[in-house]
Amino acid sequence: MQVVYRTRIVEREILRKLDAGLAVLVEGPKACGKTATGRELTVSEVLLDIDESVLAAAAVDPGLLLEGEQPRLIDEWQIVPAVWNRVRRAVDAADGAARFILTGSAVPPDDATRHSGAGRFARVRMRPMTLVEAGAATPTVSLSAILDGERVSAPASDLDMRDLIDLACRGGWPGWHDRPVEEAIERAVGYLDEIARVDIRRLDGVAREPAKVARLLASLGRNVAARAPLRTLARDAGGASGTLDEHTVRQYVDALERLMVVEPLGAWTTQLRSRARLRSAAVWQFADPSLAVAAIRATPTSLLRDLNTFGLVFESLVVRDLRVHAQANGADVWQYRDSNDLEVDAIVERRSGGWAAFEVKLGTGQVDQAAASLLRFRDVVDTEVVGQPAALVVVVGSGPAYVRPDGVSVVPIAALTS
């Protein structure tokens, strides 16, 4: 079945950086659509992961990879790391007129022979598709408007619980998003199996036991949207042979991050009015909620029976979409927890200033609780230092978008766009 290309939000950022005279390095997990988007935005290409004749030529002269009409795509560039310096020199020689897009599914280790790309390269993170990109949502509420302090209003989303579970299980992978959900889950399971058996070893040549990597992925799936300490992951990954060394687990997690399969959500550092202390532990997240589903071997039926677990998977879906929309707005996504156990699921902060806080609740019956938590959070943050929040938002699974009498906005995930 031919896959129809879907326009991606990140395209605007890539084109903007290309027009600024920079070579663009598009990084993201395997199968998120980097190659397809690169092809959409370029007129010539070299695919290093499938063209053996090109690899043979590159071994003699990596500069041959640059020969072709521009803008030119160099896909999976990390297979021939020497191409980095060749592109850098081409950008310098052309005084910003050279136009290249490099894509990669792994962050290669630092190499002293690879000169800095500062001033020549722009890094762009690409993630799996949001609900809007996948065509599963009606974009009526923009994150840009939320960050500008505008009031939200939109009709009720027509997605029900089964729809949301189906979308989380399918994930945002362009190549199989339109396949039957059972097949999509099987592909996600195979994706993680390949990470554990092949990709994590290929990353840097370090031998890691596939069974332990698989158990670590399962543990991360069970702890998605949570702050499980390394000792918990070490115990789970060790299996019957006993707890792994925490330093070893940290190395495993770092490798998964370099493969961009795991993307922990970091803690927001801010000023507080109270004597509470900020907690710095990250929240575990996969690049896509379907990987959490695959890691715990869940199905739509099992998730429908266990809505507590699906609530965490749903939070992972919302974080994925927020990250994509935030990036399009020059913003970052964080989470918050303090020593009084006050938590906020997501903080979106513009690098130019301004922020909004988000709580994620699967059911509309939990909105009052979430709103109360956001209002407490607003009172704890030192707004004289960080400013007043542009918005306090509860993201829900269904229903309309509106503003409550207490000023807290309620937005269904299917309405959210950049």
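So the values come out like this:
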{"read-out": "Unmet criterion (only one of (1) under 28 Å from the mean Cα position of the chain (by Cα); (2) open to solvent by 60 Å² or more (accessible area, probe 1.4 Å); (3) at pLDDT below 85) for PRO108", "value": "(2)"}
{"read-out": "Residue that is farthest from ARG125 (Cα to Cα) [pool: residues in the range 300-309 that are out of contact with any helix residue (DSSP H, G or I) (no Cβ under 7 Å at 6 or more places or on another chain) and open to solvent by 40 Å² or more (accessible area, probe 1.4 Å)]", "value": "ARG305"}
{"read-out": "Residue in the range 281-290 that is over 12 Å from VAL224 (Cβ atoms) and either touching a helix residue (DSSP H, G or I) at 6+ places or on another chain (Cβ under 6 Å) or open to solvent by 60 Å² or more (accessible area, probe 1.4 Å) (or both) present", "value": "no"}
{"read-out": "Residue within the range 114-126 that is hydroxyl-bearing (Ser, Thr, Tyr), out of contact with any helix residue (DSSP H, G or I) (no Cβ under 8 Å at 6 or more places or on another chain), closer than 27 Å to ARG258 by Cβ and modelled with pLDDT under 85 present", "value": "yes"}
{"read-out": "Answer from GLY190, GLY205 - the residue that is at positive phi, out of contact with any strand residue (DSSP E or B) (no Cβ under 9 Å at 6 or more places or on another chain) and free of Cβ contacts under 8 Å to residues at least 40 places away in the same chain", "value": "GLY205"}
{"read-out": "Members of the range 205-243 found to be open to solvent by less than 40 Å² (accessible area, probe 1.4 Å), of a type in the set (Lys, Arg) and assigned to a loop (DSSP other than H, G, I, E, B), listed by number", "value": "ARG208"}
{"read-out": "Sole residue being modelled with pLDDT of 95 or more and either open to solvent by 10 Å² or more (accessible area, probe 1.4 Å) or assigned to a helix (DSSP H, G or I) (or both), chosen from GLU384, GLU315", "value": "GLU315"}
{"read-out": "Candidate set from the range 58-105 (those that are open to solvent by 30 Å² or more (accessible area, probe 1.4 Å) and among the hydrophobic types (A, V, I, L, M, F, W, C)); member that is nearest to the chain's Cα centre (by Cα)", "value": "ILE79"}
{"read-out": "Residue selected from the range 325-373 under the condition of a type in the set (Gly, Ala, Ser) and touching a Phe, Trp or Tyr at 6+ places or on another chain (Cβ under 7 Å), by the criterion surrounded by the most Cβ atoms within 10 Å (Cβ to Cβ)", "value": "ALA357"}
{"read-out": "Close pairs (6 angstrom Cβ cut-off, 6 or more residues apart or separate chains): farther than 14 Å from LEU25 by Cβ and in contact (Cβ under 8 Å) with a residue 12 or more places away in the chain in the range 67-92, of a type in the set (Val, Ile, Thr) and surrounded by fewer than 18 Cβ atoms within 10 Å (Cβ to Cβ) anywhere", "value": "GLU69/VAL43"}
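The values are calculated or read from the model by the stated rules, or taken from the named source; none is laboratory data. Just so it is clear, the model here is predicted, and its values are computed rather than measured. Virtual Cβ from ideal backbone geometry, glycine too; neighbours counted across all protein chains shown. All accessible areas refer to the heavy atoms of the entire protein, side chains included, with ligands and DNA or RNA removed. Shrake-Rupley method; radii C 1.70, N 1.55, O 1.52, S 1.80 Å.
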